[in-house]
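Accompanying notes for the structure given below.
The values are calculated or read from the model by the stated rules, or taken from the named source; none is laboratory data. Not measured: the values here are computed from a predicted model. Every residue, glycine as well, gets a Cβ built from its backbone with ideal geometry; the counts of neighbours run over all protein chains shown.
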Amino acid sequence: MATIEVQRQILPILESPNKGARFYNPELPQSEPFVPGHRTCAGCGPSIQYRMTSKAAGDNTILVGPTGCMYVANSSYLCTPYNVPWAHTQIGSSGSFTAGVSAAYEAMIRKGKWQGKFPNIICEAGDGSSSDIALASISGALYRNHDCLIICYDNEQYANTGIQASSRTPYGGMTTFSPPGPEVPEGKKLYPKDLARMMAAGHPHCYVGTASVGYPIDLMNKVRKGLNHKGAAFLMIYTPCQKGFVYETPRSIDLGRLVVECGLYPMWEWSPEKREYDYSFRPASMRPVSEYLKLQGRFGHLHAEHVANLQKFANRQWKMMGIQIPEALLLAEDAKNVTNMAAAAEAQAVAETV
Ligand SMILES: Cc1ncc(C[n+]2csc(CCOP(=O)(O)OP(=O)(O)O)c2C)c(N)n1
Ligand code: SF4
Ligand SMILES: [Mg+2]
């Protein structure tokens, strides 16, 4: 029996004259695979990201949802916001389940058992799933190069079970597993696992990138590039969680920009064709990390020395991207030049500038 060639979808890249700016784009797709009516918290970063991602992918899409907030809060009582096929999978099987869906469609299309184009297959795994529990299964899917996009929606903690530390939780982040106290005043002592770089370094044939809800067009274009890439792709997307980060609900998008402007979430792409990183993304400004930290209760306990440690970490990220570091950010590496957190008036002042 002759095999049928698999027809793939090619999604256009959206116009973005300035990748760093927010603006309304009339070319945005009308389709809404993620509709209102879900049960996540107001301002939930992962949900905002889900809407952007699924909008970029369009209606011929299949979503895979490992256990986490985007499964539990979104699929209770036989009611879901998913307007396209969606399946829950066990938290550790993110990669293997998604690989199976992809391989099954390839086989069904080749054998003539499924007519139509190959669907966009997207797995939306939390950071707990992708950086800890399902790391092996996701690596397997990337290594074998199944045609799918695996997203780590990174809210930097295990949110659904009540805010526990994951290996993506930042240094100094307060969670129920990293409470600050007299012995460990900074809360979390470890720095976050560099998950996206691990994926790029270990699977160089894959399209890999980082994105943030603060830059919707850039995020949607990276989703489309990942889907257009024939083979496996991986994106790590910053998605703030107001319950765990403890911030004012309307500030989700602002935090999505501040985290990049403060150097704590480097934005880049890995090109599988050129086998090199693209560090050309530039935020509108570069700010000290304290401006990001001040807006969140999870960092309210930090002393000046901890803030300085985070500034050193951010400066290393700027350096890694080949960006010249302004004098003020170098000075902020010294605890003498920074202050303790938990100043409500200062937080208000920062909020007004975002
Ligand atoms: C094997 C396994 N271990 C632990 C759990 C409990 N559990 C359910 S949701 C969840 C949190 C997952 O965190 P993450 O993947 O970051 O998603 P988020 O809740 O932050 O959206 C955990 C630990 C589980 N369901 N299965
Ligand atoms: S706990 Fe956080 S991730 Fe979960 S639904 Fe609420 S805002 Fe979203
Ligand atoms: Mg999480």
Task: Given (1) within 16 Å of ligand 3 (Cβ to nearest atom); (2) over 22 Å from residue 119 (Cα atoms); (3) in contact with a Gly (Cβ under 8 Å, 6 or more places away or on another chain), index of the condition residue 71 fails - done: (2)
Open item on the list: Can you list the strands (runs of 3 or more DSSP E) lying wholly within segment 230-299 that have 3 or more residues being closer than 20 Å to residue 328 by Cβ and of a type in the set (S, T, N, Q)?
Closed with: none
Task: Filtered residue count, segment 300-334, keeping only those that are of a type in the set (Gly, Ala, Ser), within 28 Å of residue 246 (Cα to Cα) and assigned to a loop (DSSP other than H, G, I, E, B) - done: 2
TODO: Report yes if residue 289 is crowded, with 18+ Cβ neighbours inside 10 Å and at pLDDT below 95, otherwise no.
DONE: no
TODO: Starting from residues that are touching a Phe, Trp or Tyr at 6+ places or on another chain (Cβ under 9 Å) and either of a type in the set (D, E, K, R) or more than 16 Å from residue 217 (Cα to Cα) (or both), keep the ones in segment 48-60 and report whichever is farthest from ligand 3 (Cβ to nearest atom).
DONE: 60
Task: Members of segment 121-146 that are away from ligand 2 (no atom under 16 Å from the Cβ), touching a strand residue (DSSP E or B) at 6+ places or on another chain (Cβ under 7 Å) and not polar (S, T, N, Q) - done: 121, 122, 123, 134, 138, 141, 142, 146
TODO: Look through segment 142-180, keep the residues that are within 10 Å of ligand 1 (Cβ to nearest atom) and not in a loop (DSSP other than H, G, I, E, B), and return whichever of them is surrounded by the fewest Cβ atoms within 10 Å (Cβ to Cβ).
DONE: 164
Task: Wholly enclosed helices (runs of 4 or more DSSP H) of segment 42-141 bearing at least 1 residues out of contact with any Pro (no Cβ under 7 Å at 6 or more places or on another chain) and small (Gly, Ala, Ser) - done: 45-57, 94-110
- [ ] Among the numbered conditions (1) within 14 Å of ligand 3 (Cβ to nearest atom); (2) closer than 30 Å to residue 300 by Cβ, tell me where residue 135 comes up short.
- [x] (2)
Open item on the list: Give all pairs with beta carbons closer than 6 Å in which a residue from segment 110-133 that is over 30 Å from residue 175 (Cα atoms) meets a residue that is away from ligand 3 (no atom under 16 Å from the Cβ) and assigned to a loop (DSSP other than H, G, I, E, B); count only pairs at least 6 apart in sequence or on separate chains.
Closed with: 110/3; 110/4; 112/4; 117/7; 117/9; 118/6; 118/8; 119/60
- [ ] Name every residue in segment 239-268 that is within 16 Å of ligand 3 (Cβ to nearest atom) and closer than 21 Å to residue 13 by Cβ, in order of residue number.
- [x] 256
- [ ] Return yes or no: is residue 65 surrounded by 16 or more Cβ atoms within 10 Å (Cβ to Cβ) and within 16 Å of ligand 2 (Cβ to nearest atom)?
- [x] yes
- [ ] Scan segment 181-227 residue by residue and report those that are closer than 19 Å to residue 54 by Cβ, hydrophobic (A, V, I, L, M, F, W, C) and in a loop (DSSP other than H, G, I, E, B).
- [x] 213
- [ ] Would you mind finding the one in 94, 75 that is at negative phi, modelled with pLDDT of 95 or more and hydroxyl-bearing (Ser, Thr, Tyr)?
- [x] 94
